[in-house]
Amino acid sequence: MSEVLEKHDLLVPSSLEWAWFETGRGGLGIHSRLDLGTRLLEDPALADALRACRPTSYPQAEIGGILVLGSGAWFDADRKRHGEHRLAELMVAPDETDLWIELSVHHDVWGQCDFRGEPHPAIHANNAPRLALALQELAQVLGAEAEPGEPTYYGRAEGYRLQAADLVDGRGPDLTDAMLG
């Protein structure tokens, strides 16, 4: 999955974060982070490095969901590349019988309007198709179609894209009130 995201310049992994839990007890409120440095995600020793971070007071603790963090790139209207930390995040988490995987994107470049409601068709055209293609490739790699997540204040997934905003007088909704903290 990370190879697909890296190929499309959406997420170049730099660190992993995860929470610890104990069966029957639940989450412990303890989180760990491992910077990858030169280590690759496919390194067989990586799993041992994660387990080595187990809190000593909880020898039965297990790793919960692993969040893959890093940087990606978006392209402005002039196709100038902009690096952005946490442009996208990948979460892989176990459940009782399988794994669930979640891809989150963080920016207004995926939508037809910026967060102020201003349409930005060139920025959308320079970014949204890359995300759509990556999502299609992820579905092929995983052998399963993605299920759109819950809608957020900023948007709702629709297929492999962000649902188009409702325009009023040529503008989308102003979402900047939620960005203040």
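The values are calculated or read from the model by the stated rules, or taken from the named source; none is laboratory data. Owing to the predicted nature of the structure, the values given are computational and were not obtained by experimental measurement. Positions of Cβ are generated from backbone atoms using ideal geometry, with glycine treated the same way; all protein chains shown enter the neighbour counts. The accessibility values were calculated without ligands, DNA or RNA, using every heavy atom of the protein model including side chains. Shrake-Rupley method; radii C 1.70, N 1.55, O 1.52, S 1.80 Å.
The rows are residues; the columns are (1) among the aliphatic types (A, V, I, L, M); (2) touching a residue at least 24 places away in the same chain (Cβ under 8 Å); (3) at positive phi; (4) out of contact with any Ser or Thr (no Cβ under 7 Å at 6 or more places or on another chain).
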{"position": "H31", "(1), (2), (3), (4)": "no, no, no, yes"}
{"position": "L34", "(1), (2), (3), (4)": "yes, no, no, no"}
{"position": "L40", "(1), (2), (3), (4)": "yes, no, no, yes"}
{"position": "A47", "(1), (2), (3), (4)": "yes, no, no, yes"}
Point to revise | Filtered residues of segment 116-130 (kept if under 16 Å from the mean Cα position of the chain (by Cα) and either over 17 Å from R79 (Cβ atoms) or open to solvent by less than 20 Å² (accessible area, probe 1.4 Å) (or both)) | key: N127, A128
**Study point:** Subset tally (residues that are among the small types (G, A, S) and surrounded by 14 or more Cβ atoms within 10 Å (Cβ to Cβ)) for segment 104-114
**Key:** 1
Exercise for review: Taking the options A132, A88, A146, A61, name whichever one is of a type in the set (G, A, S) and over 30 Å from A19 (Cβ atoms).
Suggested key: A132
Review point. Would a scan of segment 147-160 turn up a residue that is part of a loop (DSSP other than H, G, I, E, B), of a type in the set (G, A, S) and out of contact with any His (no Cβ under 6 Å at 6 or more places or on another chain)?
Key: yes
Study note, to complete from the structure: Within segment 111-135, residues being part of a helix (DSSP H, G or I) and of a type outside the set (A, V, I, L, M, F, W, C) number 6
Review point. Which residues, counting only those in segment 68-103, are under 19 Å from G149 (Cα atoms), assigned to a strand (DSSP E or B) and open to solvent by 30 Å² or more (accessible area, probe 1.4 Å)?
Key: M91, V92, P94, L99, W100, I101, E102, L103
Study note, to complete from the structure: Flagged pairs (Cβ under 8 angstrom, 6 or more apart or on separate chains; first in segment 6-23, open to solvent by 50 Å² or more (accessible area, probe 1.4 Å); second assigned to a strand (DSSP E or B) and β-branched (V, I, T)) are E6/V12; E17/I66
Revision key, fill the gap. Filtering segment 151-181 down to residues that are open to solvent by 70 Å² or more (accessible area, probe 1.4 Å) and either among the aliphatic types (A, V, I, L, M) or within 16 Å of L90 (Cα to Cα) (or both) yields L167, V168, M179, L180
Practice item. Among the residues of segment 32-47, write down those that are open to solvent by 50 Å² or more (accessible area, probe 1.4 Å), of a type outside the set (K, R) and at pLDDT 95 or above. Key: D35
